[in-house]
Each structure stands twice: as C-alpha cells, then as structure tokens.
1. Just to confirm the number: angle between the C-alpha axis of helix 154-163 and the first principal axis of the chain, 0 to 90 degrees, nearest 10?
2. Of all the Cα-Cα pairs you can form in the chain, what percent are over 30 Å apart?
3. Dividing the alpha-carbon radius of gyration of the range 18-159 by 2.2 N^0.38 Å (N being the number of residues), what value is obtained?
4. Starting at the first residue of the range 26-39, write each ³J(HN,Hα) from the Karplus equation 6.51 cos²θ - 1.76 cosθ + 1.60 with θ = phi - 60°, in whole Hz, x for Gly and Pro.
5. Would you mind counting up the charge near V35? Only other residues with Cβ under 9 Å from its Cβ, with Lys and Arg at +1 and Asp and Glu at -1.
6. Past the 32 Å Cα-Cα mark, which pairs from K21/K209; K21/K210; K27/K210; K77/K224; K157/K224?
7. What is the set of long-range amide H partners of F33 at a cut-off below 5 Å, with H atoms built 1.01 Å from backbone N?
8. Using θ = phi - 60° and the Karplus curve 6.51 cos²θ - 1.76 cosθ + 1.60, what whole-Hz ³J(HN,Hα) does each residue of the range 208-221 get, with Gly and Pro shown as x?
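The values are calculated or read from the model by the stated rules, or taken from the named source; none is laboratory data. In this text, all values refer to a predicted model and were calculated from it rather than measured experimentally. Here the Cβ positions follow ideal geometry from the backbone for every residue, glycine too, while neighbour counts run over all protein chains shown. For accessibility, only protein heavy atoms count, side chains too; no ligands or nucleic acids. Shrake-Rupley method; radii C 1.70, N 1.55, O 1.52, S 1.80 Å.
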Amino acid sequence: MNILVVGDVIGQAGVKFIRDKLSGIKKLYGASFCVINGENSANGNGINVESSQGLLLAGADVITLGNHTFDKSDVYKLFDEKLPIVRPANYPPGTAGEGYLIIDTGAVKICVISLLGRVNLNNLDCPFRCAQELILKVKDRCDIILVDFHAEATSEKIAMGYFLDGKATAVWGTHTHVQTADERILPGGSAYITGIGMTGPVNSVIGVKKEIIISKFLTNIHQKFEISDNPINLNGIILTIDDKTHKATAIERISIS
Ligand SMILES: [Fe+2]
Ligand SMILES: [Fe+2]
C-alpha cells in the first residue's frame, strides 16, 4: 500500500488547497491512507472545528499536531468528539487528547504516533522513552507504526530515526516547514526523512509574510505575524509499504503546486 503524509498545513488557504487537491493527489500516487499535520491549520496557530473538518472531509485519515496543539480552545472539543486527531504523546500524563491512534482499515491496522522534540521547544517528557514505551504497548496490536516527530533540531530528529529504526515502519520530521533531501530506508528497515516540509505559501518565511520576518531580524522588535497570501505549495512524502511484510520499501518526497 501507499501512504501519503502531508506537511504542516498553513491557514485557510492551506486547508482550501487540501480540500481542492487532496483526493486527486491520493489518486495520482495510489495512496489509500493519509496523515496530515494540522498544527497550523487555524490561521497559522493551532487547529479549530473548521480547519479540522476541512482536512478530514478532504480525505485525511489522521491529523497529527505539534507545539501549537493547544493554541485554539476548539481543540478540546475535537478531542472530546474522539476525532482522529493526535497530539504529541509526550505531554504530561492527564493532558487532554491522545498521543497515538490505531486505525483499522480492514486490510491493516495502522498506529499513528505524534511526538514533540525538546531541543529549542517545549520542555515535555522525553520523546525517546515515550516512543519506546508506546511502541512496546502497541506493537502486537497493529501492523504498521507511523511516527510524526515534530521537532526543531535536525540532530534530535535523526537520532529518533535511528532510535526507532526497525521498530517503527516510518519516522518523519515536521515543524521546521522546510523539506529535507535525506529521505531513505534506514539500515534496520524504517523509512525516514528529517523534514517533510509544509503545505503553505511560496516565497514566505516558513509560512509568514517575508517582510515581517526580515524586519524582525533587522530590528529585533516583534511584530504580529501574518500568513503570506502567496500561492500554496504542498510538501509531503509517499511511503510504500509491502502488503505482506508491512515493511517500508520506498519513501519519496513530493512537492505540488
Ligand atoms: Fe508547523
Ligand atoms: Fe510546530
């Protein structure tokens, strides 16, 4: 089977792009399962009822989140409704929402895990130990384990890739909004990429109007961020999973305007 994973969707225009184009992209790549990172889908920060509906109705099977999980209060409602949305699993015990989900497609059981890095990000529980414990817990209950590691530092993401190599089917990085060129099957058989990129405006600084960010660097004075209104480009990956062994056989980067 092929699985489509889509990088952080930015704002209403990003959600509209997904609504308009996702089904065609899934068809084009023969993807029968789709994971989308939605942490920036509500005006750049967080997720709300409208943006989650847009992504789910367009064909996302699971939405993953990140450091912006709790930016919009709608997220509590979405968790209460048990929608297929996962927040990083390494938030403290008792936090609203689930850190992983197992989806039974009929043909396979797919576990999707969300984790948040700690380098230059929130000071949560250790994502490495959390991943290890979760995988031990779910491995006999599913065929495929997918990990969205939402982290800033390339080193932390690469280390996670090797740490989970052979244990997870695929590990990919989100949060930095820039696609990296290091997609590969690791020695233990896990598919890996440091950054899948974003589904956001071209000619922006990771989604924000470039003039605002340049001014911030020049003056060191914070200004209100505004999402760029330039055309949207989708970044993501296609994972190919062997139907018998359930191991990843290929990982391909995609970029679609
Ligand atoms: Fe993001
Ligand atoms: Fe993020």
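1. Compared with the principal axis, the helix lies near 10 degrees.
2. Numbers: 6572 of 32896 pairs.
Summing the P(r) of the chain above 30 Å gives 20 percent of all pairs.
3. Details: Rg = 14.9 Å, N = 142, 2.2 N^0.38 = 14.5 Å.
In units of the 2.2 N^0.38 Å rule of thumb, it is 1.03.
4. So the Karplus estimates, Gly and Pro as x, are 4, 5, 4, 9, x, 7, 9, 8, 9, 10, 10, 7, x, 5 Hz.
5. Details: positive: none; negative: D61, D148.
Around V35, the surrounding residues sum to -2.
6. K27/K210
7. Residues meeting the amide H criterion: L4.
8. Here the 3J(HN,Hα) series is 8, 3, 5, 4, 5, 6, 4, 4, 5, 5, 6, 10, 6, 10 Hz.
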